[in-house]
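Worksheet: one structure, shown below.
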Amino acid sequence: MECFEKRRWNKYTREELYSIRIEKPSEEWYEKVQKKWDSIAKPLDSMGEFERLFAQIGAITGTTKLDITKKAVIIMCADNGIVEEGVSQSGQEVTAAVARNMVHRQSSVGKMAAVLGVDTIPVDIGINQKDLIDGMVQRKIRYGTANFRKEPAMTEEETIQAIFTGIEVVAACKEKGYQLLATGEMGIGNTTTSSAIATAILDCEVAELTGRGAGLSDSGLTKKRQVIREAIEKYQLRGADTLRILSTVGGLDIAGLVGVCIGGAMYHVPIVLDGVISLIAALVAEKLLPGVKDYLVPSHMGKEPAIHRLTKALDLKPVIYAGLALGEGTGAVMMFSLLDMAMAVYQESSTFEEIEVEQYKRVE
C-alpha cells in the first residue's frame, strides 16, 4: 500500500481546491467510439445505454481501443458523530468491524469483487478507533466527525484535506495502471449525513430525501428527519456555500469520495458511482468544480428516496434497477460485470465488412 500512502499535496486550502481546472472529455473520441459501435454487425443502438457509456469512456481516455481490464473499488471508511442521536440501528463500532472484514475481502463488496478479479482499496479516512487496522490505506484525518446536531461535523480544513485525500488515492491508482475505478464507503450514519447534504443543496423537504437507511423503524425515521431538519435550520444551510454544507453536516467518507470524483476528472480515469452516498459525493464535486460529472458512470437506482433527485440533478441514467441498498460499492461492482460483458461485444464482435453484409445506416 506504500504507493497510496505517499502525499502529493502540500497545501489544503479553499483556493487550491477551486484552482483545479476540469477539461471537457473529447467530443471527437466520443464520436469515434459511436462510429465503431455502428460498424459492429448488430442493429444500431442495440446495446442501449452501454453504447453511450463506452463512448463516454472513450472521450475520457482518448481512444477507441477501450480497455477496462484493471479495475478497483476505493472504499472510504469513517465514522459519523451524528450516530449519537439514534439515527441508525447500529453503533460506531460496526464501521471498524466491517472495515476489518473488507481488508480480508470478507465483506459483501470484497466477495463480489473477488468473483470479477477486481481489487478493493479500503481507506481509513476517519474511523473512530485509535488502533490501526492492518491492510487499510491509513489516511485518518480525525477520529470520526463531530455530532452535527451540537456543532459542525468538520472544520473546513479537515474537509478539504479529506477531498485531497480522495484525489491522491486516484492519482496513485492511475500510477498503478488502473483503468476504471468505483466508489465505495463504510460509515454508520452516512445516510443521515448524505440526506442532510442533499436537502441543503437541492433545497427540498427533508422527508422527500430521507429514507430508512439500514432499516430504521418508523420512530427512528422520524427522529432522523427531525435531526436533519434542526441542523439545516440551525446552520442556515439552504442555499449556502457547498463547501460549508459539506463541512457542517457531511462526513469524512463523503468528502473523500468527492475527491475520488474530482481525481477521476483530473487524471482522466472513469469513476463508476455506487448508490446514494456516492451520488451525494458526485453532486458536491460537480457543485465545487463544474464538469466533474462528465467523468462519472452511474450504476444503479437504489432504494433511498434521494437517488431520484440526485440522478436528475446530475443528468445521470443508472442502468440497474434492482432495489439495491447494500452499500460498500457493491452496486458499482455489479456494474463492472455488465461493462465487462458489453466490452466483449465491443472488442470481439465481427464488423459488417468482415461478414460481407451491408452496414445499417442511420436515418436522418
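The values are calculated or read from the model by the stated rules, or taken from the named source; none is laboratory data. Please read these numbers as outputs of a predicted model, since none were measured by experiment. A quick note on method: Cβ atoms are made from the backbone with ideal geometry, for glycine too, and the neighbour counts reach across all protein chains shown.
Residue-level analysis places GLY110 among those that are free of Cβ contacts under 8 Å to residues at least 12 places away in the same chain, surrounded by 17 or more Cβ atoms within 10 Å (Cβ to Cβ) and either within 20 Å of ALA332 (Cα to Cα) or under 20 Å from the mean Cα position of the chain (by Cα) (or both). Taken over segment 295-327, the residue count meeting the criterion of being closer than 20 Å to GLY259 by Cβ and modelled with pLDDT under 95 is 1. I need the full set of residues from segment 261-283 which are under 14 Å from ILE20 (Cβ atoms) and of a type in the set (A, V, I, L, M), in order please. Residues satisfying the conditions are ILE262, ALA265, MET266. The listed residues are ILE82, ILE40, ILE74, and the only one of them that is out of contact with any Ser or Thr (no Cβ under 6 Å at 6 or more places or on another chain) and surrounded by 14 or more Cβ atoms within 10 Å (Cβ to Cβ) turns out to be ILE74.
A quick yes/no check of all residues on (1) basic (Lys, Arg); (2) surrounded by fewer than 24 Cβ atoms within 10 Å (Cβ to Cβ); (3) modelled with pLDDT under 95; (4) within 24 Å of ASP67 (Cβ to Cβ):
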site	(1), (2), (3), (4)
GLU233	no, yes, no, no
VAL249	no, no, no, no
ILE262	no, no, no, yes
ALA281	no, no, no, no
PRO290	no, yes, no, no
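Hey, any hits in segment 311-332 for a residue that's of a type outside the set (Phe, Trp, Tyr), out of contact with any Gly (no Cβ under 9 Å at 6 or more places or on another chain) and more than 25 Å from LYS24 (Cα to Cα)? Within segment 311-332, none of the residues are of a type outside the set (Phe, Trp, Tyr), out of contact with any Gly (no Cβ under 9 Å at 6 or more places or on another chain) and more than 25 Å from LYS24 (Cα to Cα).
Restricting ALA182, ALA162, ALA146, ALA171 to residues that are hydrophobic (A, V, I, L, M, F, W, C), within 19 Å of the chain's Cα centre (by Cα) and surrounded by fewer than 22 Cβ atoms within 10 Å (Cβ to Cβ) narrows the list to ALA171.
When segment 308-324 is filtered for residues that are in contact with a strand residue (DSSP E or B) (Cβ under 9 Å, 6 or more places away or on another chain) and either assigned to a helix (DSSP H, G or I) or touching a residue at least 24 places away in the same chain (Cβ under 8 Å) (or both), the ones remaining, listed by number, are LEU314, LEU316, VAL319, LEU324. Screening LYS303 on (1) in a helix (DSSP H, G or I); (2) touching a Lys or Arg at 6+ places or on another chain (Cβ under 9 Å) shows it passes everything except condition (1).
Taking the criterion of being assigned to a helix (DSSP H, G or I), farther than 16 Å from GLY331 by Cα and in contact (Cβ under 8 Å) with a residue 40 or more places away in the chain, the residues of segment 280-300 that qualify are LEU283, VAL284, LYS287, LEU288, VAL292, ASP294, TYR295. Has segment 193-206 got any residue that is under 16 Å from VAL123 (Cβ atoms) and surrounded by 17 or more Cβ atoms within 10 Å (Cβ to Cβ)? Looking through segment 193-206, none of the residues is under 16 Å from VAL123 (Cβ atoms) and surrounded by 17 or more Cβ atoms within 10 Å (Cβ to Cβ). VAL269 fulfils the conditions (1) buried (at least 24 other Cβ atoms within 10 Å of the Cβ); (2) closer than 25 Å to THR61 by Cβ; (3) touching a strand residue (DSSP E or B) at 6+ places or on another chain (Cβ under 6 Å) except for a single criterion, (1).
For (1) over 19 Å from the mean Cα position of the chain (by Cα); (2) assigned to a helix (DSSP H, G or I); (3) not hydrophobic (A, V, I, L, M, F, W, C), each residue gets a yes or a no:
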position	(1), (2), (3)
ASP38	yes, yes, yes
PRO43	yes, no, yes
GLU51	yes, yes, yes
GLN56	no, yes, yes
ILE60	no, yes, no
LYS65	yes, no, yes
CYS77	no, no, no
VAL87	yes, no, no
